[in-house]
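Where a number appears in this text, it was derived from the coordinates with a stated rule and is not lab data. From a predicted model like this one, the values you see are computed outputs, not experimental measurements. With ideal geometry, Cβ positions are generated from the backbone for all residues, glycine too; neighbour counts draw on all protein chains shown.
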Amino acid sequence: MKFVLDAHTHTIASGHAYSTLLENVNYVAEKGLELIGITDHAPAMEGSFGSAYFINFGVIPREINGVKVRMGVELNIIDYDGNVDLPDFYLERMDYAIASLHPPCIPFGTLEQNMNAIFKVMENKYVKILGHPGDPRYPIDCEALVKKSAETGTLIEINNASLVPNGFRGGSEKYIFDILKLCKKMEVPVIAASDAHFCTHIGDFTYVEKMFEQAEFPEELVVNRSVEEFEKYITK
Ligand SMILES: [Zn+2]
Ligand SMILES: [Zn+2]
């Protein structure tokens, strides 16, 4: 399938990523994607820019070199009640938020603790995407997760970086395969994302595509096929 957008990318503002916003956008323009989402890590991640970075997105044009640009954040879930590291004041002024479980921002929880955190964050109206579920260090109940996504409309992300061999979230594929099988059965859409920390990884869905093939996942349940479809989810 043709992926027209990548909604999860990082810039130097994350502290451990190495391209600027404009380098990301220009790479995407060259590659031919229609839309990029810039989602730097929120302040609880060591080395990320402080909260002030997230307040001035109004100055950034939402179209640059023919590419639609959306400005968001990758929030850190900081406790098992699903609290995140930027207040609503910031979230209501940006285009959308992703929320994810990351060490060291939250310890590896039990299945119950992780699911509680995930459910609560999916009920947060500013969180449109649950970032990279399936990290085996944070065990989850895939069926409960997919049901919750159907209920709240919060998209489950299928993260290419989680599937890179010997990557930081090695072992994610088992959960991701189960999530895809369940989403297919229950007709729940997902979003694919690169989670690029350098511009040349943006729009690289190599491993996601392999998983889609293995799970025989239907194209019409992949939000990346259309900007319009994506916008429906982030503006709902
Ligand atoms: Zn992340
Ligand atoms: Zn990320």
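Here are the numbers:
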| quantity | calculated |
| --- | --- |
| Boolean, residue 152 is hydroxyl-bearing (Ser, Thr, Tyr), more than 14 Å from ligand 2 (Cβ to nearest atom), under 17 Å from the mean Cα position of the chain (by Cα) and surrounded by fewer than 20 Cβ atoms within 10 Å (Cβ to Cβ) | yes |
| Subset of the stretch 92-104 that is among the aliphatic types (A, V, I, L, M) and buried (at least 21 other Cβ atoms within 10 Å of the Cβ) - its residue that is nearest to the chain's Cα centre (by Cα) | 98 |
| Every residue from the stretch 168-182 that is buried (at least 16 other Cβ atoms within 10 Å of the Cβ) and within 14 Å of ligand 1 (Cβ to nearest atom) | 169, 172 |
| Residue in the stretch 97-108 that is away from ligand 1 (no atom under 16 Å from the Cβ) and either touching a Lys or Arg at 6+ places or on another chain (Cβ under 8 Å) or within 23 Å of residue 223 (Cβ to Cβ) (or both) present | no |
| Qualifying residue in the stretch 183-198 (condition: more than 15 Å from ligand 1 (Cβ to nearest atom), free of Cβ contacts under 8 Å to residues at least 60 places away in the same chain and closer than 26 Å to residue 104 by Cα) | no |
| Selected residue (criterion: nearest to residue 207 (Cα to Cα)) from residues of the stretch 153-196 that are touching a strand residue (DSSP E or B) at 6+ places or on another chain (Cβ under 7 Å) and assigned to a loop (DSSP other than H, G, I, E, B) | 194 |
| Filtered residue count, the stretch 64-94, keeping only those that are within 16 Å of ligand 2 (Cβ to nearest atom) and more than 15 Å from residue 44 (Cα to Cα) | 4 |
| Residues located in the stretch 118-152, provided they are of a type in the set (D, E, K, R), part of a helix (DSSP H, G or I) and over 21 Å from residue 193 (Cβ atoms) | 120, 143, 147, 151 |
| Residue identified as charged (D, E, K, R) and either in contact with a strand residue (DSSP E or B) (Cβ under 7 Å, 6 or more places away or on another chain) or over 24 Å from residue 145 (Cα atoms) (or both) among 92, 112 | 92 |
| Top-ranked residue of the stretch 1-41 - restricted to ones that are in a loop (DSSP other than H, G, I, E, B) and without any contact (Cβ under 8 Å) to a residue 24 or more places away in the chain, ranked as nearest to ligand 1 (Cβ to nearest atom) | 20 |
